[in-house]
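To start, the structure itself, in structure tokens.
Please treat every number below as a calculation from the coordinates, not as lab data. This is a predicted model, so every value here is computed, not measured.
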Amino acid sequence: MTITHSITLLATGAFAGFAGSLLGLGGGFIMTPVQYILYTDMGLPTDMAIKLAFGTTLLAVLPTTISGVWRHSRLATIWWRPTVIMGSCGLIAAFAGATLATHLPGAILRTAFGVVVLVSSIRMLISRDITIEEEPKDRPWLWVVSSIVIGFIAGILGIGGGIVMVPVLVLVFKLKMHNAVAMSLAVIVFTSTGGALGYITNGLGAPGLPTYSLGYVHLPSWLLLTIGSAGMAQIGAITAHRLPNKQLRYLFSVTLLYLGLRMLGVFDWLG
């Protein structure tokens, strides 16, 4: 790893911490594409690069989301009962998803990541503003089902689940955007833990891993990403509560649109 790679990871961590806490995503949607590019630049094959990016991202997301959740909880925007239910189910599902991902080709994982990000972005862009006139009702069975699906996707794609969680909380559970962002971060604490454990345990002893790797987690990259991300998560959480719902949703959507197209290789095709 060169000095340029190290600086890039530090900057990525800082930006991901801010943007992830701002948008309720944890930051994985930024960390994963950047790491994939760096690992391939270091000479790692596609299959190894994408799995290392997923595993390292999930572990790096954990301190970032904890930092953001602490700030959001102080602002009293987290609905804790469904958060704990969804998080517990999501943790188990994320471990299962990560286990499956370690046995899939890297090209499939990269394409799937791009598609999920792109679909989430378009869905949020075309959706109408939702007027909430009453408190959301308890729906434990729906919390369980949705968290299992989201957790499984999160484990496979190394994203924590926020890019799917936020739209679900807004469009299905009818939460206001600010509450959806806060609750999504809290659930990501669980899903990122389960996913990271899956990539670590299933990557132990894998051939071709770079030095200082713990399974499919590259520890030097994890450290550099974490240094910048945790503190910036505080600023992102504070900023989220100062933006209008509509502006926050559009910012979320446009960011995901760009990254989805990038991972699908659209910009490379366009030159």
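Couplings 3J(HN,Hα) for the stretch 48-53, derived from phi with the Karplus relation 6.51 cos²θ - 1.76 cosθ + 1.60 (θ = phi - 60°), are 5, 4, 6, 6, 5, 4 Hz, where x marks Gly and Pro. Proximity of backbone amide H atoms, modeled 1.01 Å from N, is registered between His218 and Thr56 at under 5 Å, excluding neighbours fewer than 5 places apart on the same chain.
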